[in-house]
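Report on the following structure.
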């Protein structure tokens, strides 16, 4: 008489569960790192576009005889008209405090500097726009260790 096997043994099931556990222990941290890398890449692209827009706006102003950089405010031709960086980007950025997004943290009434936060994972990185020289950057010396690390990755 021949008997045929129609089910898995307990040993086979335990072995499969252990293998799946090992694979997930390796894969989950890789996915988290990939998400952070994607947020940094998006931030770098945003920063490049914002800086380019600030310089383009400055060149347009110089042609008309205005030597000042764009100011921050809510009127047409200002840095945050209707949406973040709306005066220099064709389509402004939606203000959101979630990972991979920007938030205006400085008052729009300040004529000289305005601050913005960019979120990477759960870490806000503080950027400053200075109207006197048109510089838009973050500090690699101020803030938490993670914020300094992410700032360096975003601006270098």
Q: Name, by its number, the condition in (1) surrounded by fewer than 17 Cβ atoms within 10 Å (Cβ to Cβ); (2) modelled with pLDDT of 90 or more; (3) in contact with a strand residue (DSSP E or B) (Cβ under 6 Å, 6 or more places away or on another chain) that does not hold for residue 147.
A: (1)
Q. Given the conditions (1) over 11 Å from the mean Cα position of the chain (by Cα); (2) modelled with pLDDT of 90 or more, which single one is not true for residue 85?
A. (2)
Q: Hey, can you tell me all the residues within region 57-98 that are surrounded by 13 or more Cβ atoms within 10 Å (Cβ to Cβ) and outside any loop (DSSP other than H, G, I, E, B)?
A: 57, 58, 61, 84, 93, 95
Q | For residue 121: the one exception among (1) more than 18 Å from residue 35 (Cα to Cα); (2) modelled with pLDDT under 90; (3) out of contact with any strand residue (DSSP E or B) (no Cβ under 8 Å at 6 or more places or on another chain); (4) surrounded by 12 or more Cβ atoms within 10 Å (Cβ to Cβ) | A | (1)
Q.
Please verify whether residue 106 is part of a loop (DSSP other than H, G, I, E, B), in contact with a strand residue (DSSP E or B) (Cβ under 6 Å, 6 or more places away or on another chain), without any contact (Cβ under 8 Å) to a residue 60 or more places away in the chain and surrounded by 14 or more Cβ atoms within 10 Å (Cβ to Cβ), treating the condition exactly as stated.
A. yes
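The values are calculated or read from the model by the stated rules, or taken from the named source; none is laboratory data. These figures come from a predicted structure and were not determined experimentally. Every residue, glycine as well, gets a Cβ built from its backbone with ideal geometry; the counts of neighbours run over all protein chains shown.
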